[in-house]
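**Q** Provided herewith is a single structure, encoded as structure tokens, for subsequent inquiry.
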Protein chains: 2
Amino acid sequence: MLSSLIQRNNTKILLVVLDGIGGLPVNGLTELEKANTPNLDRLAKTSATGLHIPVDYGVTPGSGPGHLGIFGFDPLEYKIGRGILEALGLGMEVKATDVAIRGNYATVEYRDGKPVIVDRRAGRISTEENRRITAKIKENIKEIDGVQILISPGMEHRSAIILRFPEPLPPGSDEVNDTDPQKVGVSPLSAEGKNPNAQEVAEIANKFLEKVAEILKDEPKANYILLRGFAQKPDIPSMREAFGLEACCIAVYPMYKGLASLVGMELIEFEGSSIEDEIKALKSVWESYDFFFLHIKKTDSYGEDGNYEAKVSVIEEFDRLLPSLLELKPDVIAITGDHSTPSVLKGHSWHPVPLLIHSQYVLGNTSERFTERECLKGEIGIIPAKKIINLLLANSLRLSKFGA
Amino acid sequence: MLSSLIQRNNTKILLVVLDGIGGLPVNGLTELEKANTPNLDRLAKTSATGLHIPVDYGVTPGSGPGHLGIFGFDPLEYKIGRGILEALGLGMEVKATDVAIRGNYATVEYRDGKPVIVDRRAGRISTEENRRITAKIKENIKEIDGVQILISPGMEHRSAIILRFPEPLPPGSDEVNDTDPQKVGVSPLSAEGKNPNAQEVAEIANKFLEKVAEILKDEPKANYILLRGFAQKPDIPSMREAFGLEACCIAVYPMYKGLASLVGMELIEFEGSSIEDEIKALKSVWESYDFFFLHIKKTDSYGEDGNYEAKVSVIEEFDRLLPSLLELKPDVIAITGDHSTPSVLKGHSWHPVPLLIHSQYVLGNTSERFTERECLKGEIGIIPAKKIINLLLANSLRLSKFGA
């Protein structure tokens, strides 16, 4: 329905995602409540506020579903497989011709000529060791039966592999089992496809496994690789197709750039990795797009570390820089997170995420601050994440009337 | 989706249902607002609060849909037929082989050998009279064509009948019309099935009606029985299957025990019928289950009677006993109702029902009391009843992350 109402104009929408911003109280105050945020407070007072639910009540989202929701896509409809997320996280581009897979280096012993797993993580080899081994594979396996093979090292024993076929693959081609049996003392599984297309993918994967075993046979620890999460690129419309928005992404970490590229956002390249560097990049492209996704990672990282004080500091740092964002005078600015990451939980959580939307068409004057509890008082209420885009489009007058 | 995220652990979830707890103001105060509840107030201050909508906006639920919702099942998807509810309410066990029916004793006159209804309720015979008549039927009809016949007396002219077939019945076997024509001066209807399986059921019912007419032919008032609400046991997953919970029920009234047993809860037997007796029973089985459904009936009974003061008293009685519940230190405690029963309406109503959830992972500090108006300020918002289970599972850390 929404897509039939889309009308383009010259307004600018800025979506700031403070990753994992929502929190829980420590000594009575959440991270947002503890932070000294005069600029956010001032903005909150004149904004529409509320909270959003990333996926469903009680459901803790991964980064994939968390971002799809705030980009306006139903995370229950569009699923991002583990292999795709892993590849995106390592900065690999994924295409409609690809099957992406997560690889875990492992240690096997050969008994009667058959590999038997003795360590599913190859003794958690160092990332440096991983790089050396991955380079060895890269050098020796460029393609298999006309399918291009790409591999990137991750942290410790992790890597991502892309099987790039000559033609786009039909849906369901990624229905291949993990070759990791999830226990030691047994042989790795063979890849098997649940349908003829997936079987073709599985055969390439099995040949890849054979070659890797040969290449790594003399390695003391990482002498095998286990494959998990075979996944194709999800067939998501772009922000242009779905919402008529020319969108760009300003982010530091590859995974978020990857998620943005899945919905057709252009990735802005820039020097540095601080919030200031990001804002500078934003300013440099302000004339060129309609929609700007600005991703700030550290709120989540410190939440995951259980570092309450550091999360508070990042919020305060963002607050100090907020005036320079507002100088751009976006027609609509939204500030929220992709999910909550309370430092007391040291991880993502299910809690609704504070949301602020400012434009000249809001009520405002409902919340004193941008905090979990103050946002409960706001005019937005508690809404599904995928509905945020409706409000951004409406507030930028990009939606025509529905019905006569 | 939820079922794919379930992970078991050793946490304990206590769901206290104050039946019909929601109310409306009398002299400005609802029953909850009028009640002196220092313990509930204290708990509310440190809890997540909100309200739930049992079925849909504006829809007044019966006890069946009211409870299914708070047990986590969509009351629009799983329907409990009148016959099943009647049988459960009279403490009869219902099985997959059964069709349960509500029976109303009636008075007929025979004109040209055909029965014509003159009183659809047999002059509202006394419950005692009902028991005598029902015993007579029970004694004389044990089975018909291999189908076991069970009958239990209810209040006044009401009874419940179970046709217990030798094998489980296919869905739709209960599609049989009421034999009550809903008016006097006409003959009772014959039972007819809408499909071959239902036709088989209808034939047993018609033979039953014939036999009952013969047995009761000399009764002055209750000389006939009208059948309504043919129903099979709904095919609902158990709490174990749906949510990975080992659940038990502590309730006094048969209907609530019956509803709990429909979703596979174990029924705890105990002496007495006071709230204190129930809490004692709860404590005695605390080590044996994950999920405890504690049902308190009197709030609803007094609401139905229009007895505002008595409903207030039950709330105060519960409040006095709350500390002994909290002594159990449940990981999650939820307090709510299955629906509202405002004493001014003397019946169930459509109003959202106050809801409180306490765990170590809530914001809290949003509501001063556990009342309809204070719960509006809370972090839960107004949610569908069937989503409560999501929050109970999340707060007990029984849901894994969705998506990577």
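The values are calculated or read from the model by the stated rules, or taken from the named source; none is laboratory data. Not measured: the values here are computed from a predicted model. Positions of Cβ are generated from backbone atoms using ideal geometry, with glycine treated the same way; all protein chains shown enter the neighbour counts.
**Q** Quick one: in the range A:53-67, of everything that is at the interface with chain B (Cβ under 7 Å from one of its Cβ atoms) and touching a Pro at 6+ places or on another chain (Cβ under 7 Å), which residue is farthest from residue B:382 (Cα to Cα)?
**A** In this case the residue turns out to be A:65.
**Q** Additional query: Of everything in the range A:213-245, what is acidic (Asp, Glu), within 30 Å of residue A:293 (Cβ to Cβ) and modelled with pLDDT of 95 or more? Give them in sequence order.
**A** Within the range A:213-245, A:241 is the sole residue that qualifies.
**Q** Filter the range B:1-32 down to residues that are over 22 Å from residue B:71 (Cβ atoms) and touching a helix residue (DSSP H, G or I) at 6+ places or on another chain (Cβ under 7 Å) and give me whichever is surrounded by the fewest Cβ atoms within 10 Å (Cβ to Cβ).
**A** For the range B:1-32, the residue satisfying everything is B:26.
**Q** In this structure, does residue B:385 turn out to be of a type in the set (A, V, I, L, M), surrounded by fewer than 23 Cβ atoms within 10 Å (Cβ to Cβ), in the same structural domain as residue B:251 (by TED's automatic domain parsing) and over 30 Å from residue A:82 (Cα atoms)?
**A** Against the criterion (of a type in the set (A, V, I, L, M), surrounded by fewer than 23 Cβ atoms within 10 Å (Cβ to Cβ), in the same structural domain as residue B:251 (by TED's automatic domain parsing) and over 30 Å from residue A:82 (Cα atoms)), residue B:385 does not qualify.
**Q** Here is a check on your reading of the model: is residue B:377 in a loop (DSSP other than H, G, I, E, B) and away from chain A (no Cβ under 14 Å)?
**A** No: the conditions fail for residue B:377.
**Q** Checking the condition hydroxyl-bearing (Ser, Thr, Tyr) and within 13 Å of residue A:339 (Cα to Cα), which residue from A:105, A:57 passes?
**A** A:57
Listed here are the residues, each with its yes/no results for (1) within 15 Å of residue A:81 (Cβ to Cβ); (2) exposed (fewer than 13 other Cβ atoms within 10 Å of the Cβ).
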position: A:111; (1), (2): no, yes
position: A:117; (1), (2): no, no
position: A:134; (1), (2): no, no
position: A:162; (1), (2): yes, no
position: A:178; (1), (2): yes, no
position: A:182; (1), (2): no, yes
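**Q** Does residue A:98 satisfy being within 14 Å of another protein chain (Cβ to nearest Cβ), under 19 Å from the mean Cα position of the chain (by Cα) and acidic (Asp, Glu)?
**A** Considered against the rule, which asks whether it is within 14 Å of another protein chain (Cβ to nearest Cβ), under 19 Å from the mean Cα position of the chain (by Cα) and acidic (Asp, Glu), residue A:98 comes out as no.
**Q** Run down B:251, B:242, B:260 and say which single residue is among the aliphatic types (A, V, I, L, M), surrounded by fewer than 23 Cβ atoms within 10 Å (Cβ to Cβ) and not assigned by TED's automatic domain parsing to the domain that holds residue B:154.
**A** After ruling out the rest, the residue left standing is B:242.
**Q** Restricting attention to the range A:15-55, report how many residues are part of a strand (DSSP E or B) and in contact with a His (Cβ under 8 Å, 6 or more places away or on another chain).
**A** Adding up the residues that qualify gives 3.
**Q** Follow-up question, since we're still on this one. As an exercise: evaluate residue A:50 against (1) more than 14 Å from chain B (Cβ to nearest Cβ); (2) in contact with a Gly (Cβ under 6 Å, 6 or more places away or on another chain) and give the number of the one condition it does not meet.
**A** If we test residue A:50 against (1) more than 14 Å from chain B (Cβ to nearest Cβ); (2) in contact with a Gly (Cβ under 6 Å, 6 or more places away or on another chain), just (1) comes out false.
**Q** Filter the range A:307-365 down to the residues that are away from chain B (no Cβ under 14 Å) and aromatic (Phe, Trp, Tyr), then identify the one that is surrounded by the fewest Cβ atoms within 10 Å (Cβ to Cβ).
**A** Result: A:361.
**Q** Quick one: count up the residues across the range A:186-228 that are under 18 Å from residue A:105 (Cβ atoms) and in contact (Cβ under 8 Å) with a residue 24 or more places away in the chain.
**A** 21
**Q** Another question, then. When you check residue B:390 against the structure, is it over 22 Å from residue B:27 (Cβ atoms), part of a helix (DSSP H, G or I) and assigned by TED's automatic domain parsing to the domain that holds residue B:253, yes or no?
**A** Yes, satisfied.
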